[in-house]
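Each remark here refers to the structure printed beneath this line.
Since every read-out is calculated from the coordinates, none of them should be taken as a lab result. Since the model is a prediction, treat every value here as computed from it, not as a measurement. Virtual Cβ from ideal backbone geometry, glycine too; neighbours counted across all protein chains shown.
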Amino acid sequence: MKAALTSTLAVLAMLLGWEALVRGRAVSADLLAPPSAVLEALLRHPEILLDQGISTARETALGFLLACLIGAAMGAALSSAALLRRVAMPWVLALQIVPKMALAPLFVVWLGVGAPCRLAFAVFIAFFPVLIGTTAGLAGTDHGALRLCRVLGAGWWQTVLRVRLPYAVPHLLAGMKTAATMALLGVVIGEFVTAQQGLGYVVMFAASLGETALVLAAITLLCGIGVALYGVVLLAEWAFARWYGAPMPAGEFG
Amino acid sequence: MPEAPALIAEAIRFDAVGKTFPTRPVPLRAVESVSFAVRRGEFVAILGPSGCGKSTLLMMAAGLETPTEGRLERGGVKLHGPHRQTGVMFQDATLLPWLSVLDNVLFPATIRRIPRAQVLEAAMRLIETVGLKGFEGARPHELSGGMRQRAAICRALVLDPDLILMDEPFSALDAITRDEMGDVLLDLWQHTQKSAIFVTHSIREAVLLADRVLVMSRRPATVAEELVVPFPRPRTPALADSAEFGAVVAHLRGVIAGNMA
Amino acid sequence: MSVSALAAPARLPWLPLLVGAGVLLAWDLAVRLAQVPQVLLPSPGSVAASLWQAAPSLARHALATGGAATGAFLVAVLAGMVLAAVMMLSPLLNRLLYPNLLLFQLLPKVALGPLFVVWLGIGLPSLFAFAVFVSIFPVAVGTLAGLRAADPSQLRMCRAAGGSEWQAFRYIRLPTSMPYVFAGAKVAATMAFTGATVGEFISANAGLGYMVMQAQARSDTPLIFAALAVLCVLGAALYGAVGLAEDAARRRWGTRR
Ligand SMILES: Nc1ncnc2c1ncn2[C@@H]1O[C@H](COP(=O)(O)OP(=O)(O)OP(=O)(O)O)[C@@H](O)[C@H]1O
Ligand SMILES: [Mg+2]
């Protein structure tokens, strides 16, 4: 609580100092629009920002959902088939060490400059943490609990539903947290390279005009979308923790 | 228990059972030609050096491993796979952390799709017998190690199996709690006439609880010695303080030492 | 099953390689037989041809991007470690910065790219600063986590032996933090290339990202593939270098993960 207060104060102080610097003409307002100008830009162009913001938010949410579904499905498939794992896992891993965000232009080539391109790219960027979370979660089931299931003659479905899934969910949620951030990133980069719509486009467009106030206003909205989506996952985590009612087995991971 | 299959006086029978694990480079012979039977209502304890193959033996009895040689009969029928009338307890309690004590105890009923109401009474009675009354709603992380193991006993017994297999169920507990758990089992066995195989490293536990003690050899495990415990039932924990008890324990210790040499 | 498991493969993963070769073959065959237009999916052969033809300019642009990314990576690792160390040693700074650092992890930092162009103009300085900006966070957060991961009983032992705060830092916290630092540095390696390339997408006059955008405008898909392939190899190379450095450090200081 106290820590939150200190850092909030720090942020406020920083904003005030920034405002003062610009007012005192130590920094040009063209280079770094002061918070007041950002606020004004937010209020001055509500329809543009709202329209583009909704477009970005919709694509981010959809991309996130698809990434979760695809990542979880792939993770489950890789966990259950050893051959598939041996064949495909090195490639999935290799994909993670290349700068895959730079592959956005390929998606433009294949899918054009519309929403499908941005969605596909967001999924491409964001599915991996969910995949890893799912594999880690399914592998993380307590061995004793699995043995218990065999002793009791539990079927495959029962084992998955009653034991494997609850052990996997914390890992899955950790992966989803990362995926939430990545999905937004994917959509924004998609908007950069397709240059059609969305807050990413607003950022780029306003920056080319030197309108830093509008740039920062759009970025503020982007942050809002990012935090909101992250908050949804946190909420899910909280709900699960309440139902779970015990210290959770999984930690965070990168 | 309906006494219909009265002809079969044996709960489980090992007939020259052997187990070899296909390890590389050399296969590992864990169990060698083990033959013995547990009569209905009989409590058999198994003692033996670490790593000799006791757990493997028990896993085969539980239907989790298949023997590579010999034959295993459960109630007169060849055993394949886990048996509905067998309860199993392992070294750690393996309670599911998100379930309450009661739900953990009822977990076997959940898996077998037996209506809760049908076993609730039995579960509550067991929970009371082992001294967990008042903790039905608690989560495993709120319990001590001994309490968790009590819950695991209830879970093994809740569907009223006729054979219980226990693999060092108390070895993760401290000495005092461990003795306490032995007393809980003793107490439970005064009321229920179930068959049991109990693997332990504690000679005291074996002699206090069992009707018969089997001493295994080093790996590959065979039955090296067999001792019928000469104390009548009902027994009480006080038995462990008697001189006769001490004599039997000392005798067994000698047997084991000789066996290891 | 960590990404770092790739850094030093115990033996050649022949099965995935075989499958990869098979996929390449199937790709070539499919493109030929189904007559997929070059603009959509060039055959591996035409990508290779493009790679060969454009080799001189690819090399020049690769040097620009690779240089900017590698430089930014080094600066980010150093600065990130220093930042983390300072935060570790100064509770006040830690209280002020740490929550904001975490918050920044959540934000789409890459979206700030155009702002760097406004500030520093088109060219190397803005690209460099942007690449440092996106890659410093994983290092700082990783190092901080590592410095905090020190075993409390070891720290107590050090204090009981009369060790100073600094000695505890030097002999206990620093060695424990190594795997975390390297984990952060691996992410940073990828992020530095991401930052450099995305910066070039936004606006640049050189670099592989710039080349890709140019090729895209001309619908020269084989060249896009070729440039991206070079980019991937460069990114993987920097990543692999971090992996090698980690192995060397582990052998030198004997830290385990
Ligand atoms: N699944 C398996 N695959 C290969 N070898 C196994 C397997 N399970 C057990 N073993 C081996 O079989 C031998 C007997 O193991 P087991 O667990 O039955 O011993 P134990 O008598 O229960 O020992 P302890 O008293 O320490 O519990 C050991 O050498 C062990 O390594
Ligand atoms: Mg054992």
### Summary
Here the membrane-span-like helices of chain B, with no claim about any membrane, defined by DSSP H, Cα axial extent at least 24 Å and mean Kyte-Doolittle at least 0.0, are B:243-260
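Work out the mean other chain Cβ neighbour count within 10 Å for the residues of A:142-151 and drop it here as an integer.
Working: counts 5, 1, 7, 5, 1, 6, 12, 3, 6, 15.
Mean shielding count: 6.
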### Query
Hey, what does the equivalent ellipsoid look like for the range B:92-160, semi-axes from the Cα gyration tensor as sqrt of 5 times each eigenvalue, largest first, whole Å?
17, 13, 10
### Query
Quick one: which of B:26-37, C:190-201 comes out on top by average Cβ neighbours within 10 Å, and what's the full order, highest first?
C:190-201, B:26-37
### Task
Using the Kyte-Doolittle scale, find the helices of chain A whose mean hydropathy is at least -0.5 and whose Cα atoms extend 20 Å or more along the helix's long axis, counting only whole DSSP H runs.
A:2-23, A:46-80, A:82-97, A:115-139, A:165-194, A:212-244
### Summary
Sorted by chain and then number, the residues having a modelled amide H within less than 5 Å of the amide H of B:ARG212, at least 5 places away or on another chain, are B:PHE43, B:ALA45, B:VAL229
### Message
Averaged across B:93-100, how many Cβ atoms of other chains sit within 10 Å of each residue's Cβ atom?
### Response
6
#### Entry: Peptide ranges B:54-64, A:72-82 listed from the most packed, as the mean C-beta count within 10 angstrom indicates
B:54-64, A:72-82
### Task
May I ask you to list, by number, the DSSP H helices of chain C whose Cα span along the axis is at least 20 Å and whose average Kyte-Doolittle hydropathy reaches -0.5 or more?
C:14-33, C:55-89, C:91-106, C:124-148, C:174-202, C:221-253
### Task
Using only the C-alpha atoms of the range A:147-188, find the volume of their convex hull and express it per residue in Å³.
67 Å³
### Task
Return the lysines within reach of B:LYS194: Cα separation strictly under 25 angstrom, same-chain partners fewer than 8 residues apart disregarded; answer none if there are no such residues.
B:LYS54, B:LYS78, B:LYS133
### Query
In what sequence, highest mean first, do B:88-98, C:120-130, A:234-244 appear when ranked by Cβ atoms within 10 angstrom?
B:88-98, C:120-130, A:234-244
## Note on the structure
As straight-line cross-link partners of B:LYS19, the qualifying aspartates and glutamates (C-alpha separation under 16 Å, not fewer than 8 residues apart within one chain) are B:GLU32, B:GLU65, B:GLU69, B:GLU73
### Task
Count, for each residue of C:93-103, the Cβ atoms from other chains sitting within 10 Å of its Cβ, then give me the mean as a whole number.
4
#### Entry: Reference-scaled alpha-carbon Rg (2.2 N^0.38 Å with N residues) for the range A:48-243
1.19
## Note on the structure
Between the alpha carbon centres of the range C:29-49 and the range A:15-90 the gap in Å comes to 35 Å
### P(r) weight above 30 Å for chain B, C-alpha pairs, percent
28 percent
### Message
Whole percent per 5 Å bin, from 0 to the bin with the longest distance: what is P(r) over all C-alpha pairs of the range C:1-156?
### Response
2, 7, 10, 11, 12, 12, 13, 12, 9, 6, 4, 2, 1, 0, 0
### Task
Excluding residues fewer than 8 places away in the same chain, name every one of the aspartates and glutamates whose C-alpha is closer than 20 Å to that of A:LYS177.
A:GLU59, A:GLU237, A:GLU252
### Query
C:ALA55 versus C:VAL233, label points 7 Å from Cα toward the beta carbon: distance in nm?
1.0 nm
### Query
Please report, for the Cα atoms of the protein assembly as shown, the Rg to one decimal and the Dmax as a whole number; what are they, in angstrom?
33.1, 102
